[in-house]
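What follows is a single structure, written as structure tokens, with notes after it.
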Amino acid sequence: MTGHDAEPASPATLRELAWLFGRLGLVAFGGPAAHIAMMEDEVVRRRRWMTHERFLDLLGATNLIPGPNSTEMAIHIGHDRAGWAGLVVAGACFILPAVLIVSAIAWVYVRFGTLPEVTGAMYGIKPVIVAVVIQALWGLGKAAVKTPFIAVVGIAAAGASLAGVNELLILAVAGGVVAAGRGAPRGVASSWLPWPVLGAGATGVTAAIAPFGLWPLFVFFLKVGSVLFGSGYVLLAFLRSDLVEHLHWLTESQLLDAVAVGQVTPGPVFTTATFIGYLLGGAPGAGVATLGIFLPAFVFTALSGPIVPRLRRSRLAGAMLDGVNVASLALMAVVTLQLGRTAIVDLPTGFLAVASAIVLIRFRLNSAWLVLAGGVLGILGSQLLR
């Protein structure tokens with residue numbers, strides 16, 4: 001099978017997809033790169049559902065559309081294997097285990113979050129989260145900063161973020177500037193700006209004055225899922241700007257707790273939205289937030305699949321993506337500084353953050369193990385201080 005024509009969606013094929021991606025969703029620790037490597041091993045090497053070339057085509061497409069890359073890869077593979085039914089089954093089964101686990105943790109957090117053991121765990125986990133984001137910046141930065149010009153765009157994006165410019169506008173302008181810098185006519189570059197970024201930028205003010213409710217919660221996460229390029233860690237910048245600073249639905253500490261839960265559980269980092277939804281609106285809030293943030297991934301993947309070869313060959317799309325990626329890293333760097341002030345509160349947390357960053361960057365240890373270790377150290381520390 002070449003992988004370009006989907007097989008009929010037989011019950012056996014759908015069960016096979018459900019089993020594979022449900023299992024991957026339970027063990028997929030380590031972030032999008034690790035998730036995609038596991039998929040490649042299962043789909044290309046073990047099952048031979050598609051060639052390496054086809055897999056790379058699909059991977060390239062996920063980098064040209066908003067959303068969580070590993071989830072979009074699962075959706076692409078499902079569609080490639082079993083058509084539209086496979087698209088839904090593979091994507092949903094990859095997401096569902098993490099959603100259930102995060103919802104259970106959110107239930108415990110809401111009821112027992114003030115217990116010394118839980119507080120101690122979060123005391124140790126938060127500085128590790130800062131280190132995890134630093135590691136992501138280190139690895140992604142080497143790939144994203146390809147030229148001195150792109151580096152300057154990234155520095156300018158970081159400065160704009162520190163000055164309070166809207167994150168969506170920063171992403172759009174950075175993409176347009178890099179495209180223009182590579183010789184694209186100005187009108188053409190503007191027409192290729194990611195339309196979800198421009199549209200969502202216009203709705204940012206409305207979101208900032210909306211009262212809490214399930215519908216505003218759904219619209220907020222639908223917007224985020226529609227515009228988020230780059231690593232899932234860029235999600236932090238959007239959440240902090242809107243939910244903490246503008247809407248005041250969350251505290252800085254609650255946001256870090258949500259990110260910590262997203263790190264210590266398998267599956268997409270985007271299930272941070274599930275945790276936040278549960279904090280704000282219980283089980284209905286968790287469901288609404290999850291649907292809002294993941295729905296665009298299914299839509300964009302379905303729309304982009306047929307034009308994958310053309311997208312990968314497009315010089316302009318590649319230039320736009322370079323600009324958006326470096327701006328995404330700039331947002332990550334700024335939010336890391338801001339969150340670090342909340343997480344690193346004394347000498348032990350400072351040492352833990354630095355040690356975790358060194359271990360992650362030097363030895364490439366799975367971040368989930370470090371997050372768990374940080375939680376254990378936090379609990380032990382709280383016990384010793386009693």
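Condition check: open to solvent by 10 Å² or more (accessible area, probe 1.4 Å) and either over 13 Å from the mean Cα position of the chain (by Cα) or closer than 26 Å to Leu87 by Cβ (or both). Does Gly292 satisfy that? So Gly292 does not fit the description; no.
Looking only at residues of region 324-344 that are among the small types (Gly, Ala, Ser) and out of contact with any Leu (no Cβ under 8 Å at 6 or more places or on another chain), we find that the one that is farthest from Gly67 (Cα to Cα) is Gly340. Remark: pairs (first residue in region 353-380, at negative phi; second residue among the polar types (S, T, N, Q); Cβ separation under 6 Å; 6+ apart in sequence or on different chains) = Leu360/Gln135; Ile361/Gln135; Leu370/Ser356; Val371/Gln263.
Filter region 295-313 for residues that are at pLDDT 75 or above and of a type in the set (A, V, I, L, M, F, W, C); which is surrounded by the most Cβ atoms within 10 Å (Cβ to Cβ)? Looking at the filtered set, the residue picked out is Ala297.
Would you tally the residues in region 55-64 being of a type outside the set (Phe, Trp, Tyr) and at pLDDT 80 or above?
Residues in region 55-64 being of a type outside the set (Phe, Trp, Tyr) and at pLDDT 80 or above: 1 in total.
When region 318-345 is limited to residues that are in contact with a Lys or Arg (Cβ under 9 Å, 6 or more places away or on another chain) and not β-branched (Val, Ile, Thr), the one that is modelled with the highest pLDDT turns out to be Ala343.
Of the set (1) of a type outside the set (Val, Ile, Thr); (2) at pLDDT 50 or above; (3) closer than 30 Å to Thr290 by Cβ, all apply to Ala200 but (2).
Restricting the first member to region 327-351 and to residues that are over 13 Å from Leu239 (Cβ atoms), and the second to residues that are open to solvent by 40 Å² or more (accessible area, probe 1.4 Å) and in a loop (DSSP other than H, G, I, E, B), the beta-carbon pairs closer than 9 Å and six or more apart or on different chains are Leu329/Val145; Gly350/Ile344. Here Trp215 fulfils each of the conditions (1) open to solvent by less than 50 Å² (accessible area, probe 1.4 Å); (2) modelled with pLDDT of 80 or more; (3) under 27 Å from Gly281 (Cα atoms) apart from (1).
With respect to the stated conditions, Thr71 is open to solvent by less than 20 Å² (accessible area, probe 1.4 Å) and either farther than 23 Å from Arg364 by Cβ or not aliphatic (A, V, I, L, M) (or both). Considering region 352-375, the residues that are more than 18 Å from Leu256 (Cβ to Cβ) and not charged (D, E, K, R) include one that is modelled with the highest pLDDT, namely Ala355. Against the criterion of being in a helix (DSSP H, G or I), more than 22 Å from Ala172 (Cβ to Cβ) and among the aliphatic types (A, V, I, L, M), Leu316 does not qualify. Scanning region 252-287 for residues that are modelled with pLDDT of 85 or more, of a type in the set (A, V, I, L, M, F, W, C) and surrounded by fewer than 24 Cβ atoms within 10 Å (Cβ to Cβ) yields Leu255, Leu279, Leu280, Ala283.
Of the residues making up region 113-145, those that are at pLDDT 80 or above, open to solvent by 30 Å² or more (accessible area, probe 1.4 Å) and among the hydrophobic types (A, V, I, L, M, F, W, C) are Ile134, Val145.
The values are calculated or read from the model by the stated rules, or taken from the named source; none is laboratory data. These numbers were taken from a predicted model, which means no experiment stands behind them. Positions of Cβ are backbone-derived with ideal geometry, glycine not excepted, and every protein chain shown enters the neighbour counts. Ligands, DNA and RNA are stripped out before the accessible areas are found, and what is left, the full protein with its side chains, is counted by its heavy atoms. Shrake-Rupley method; radii C 1.70, N 1.55, O 1.52, S 1.80 Å.
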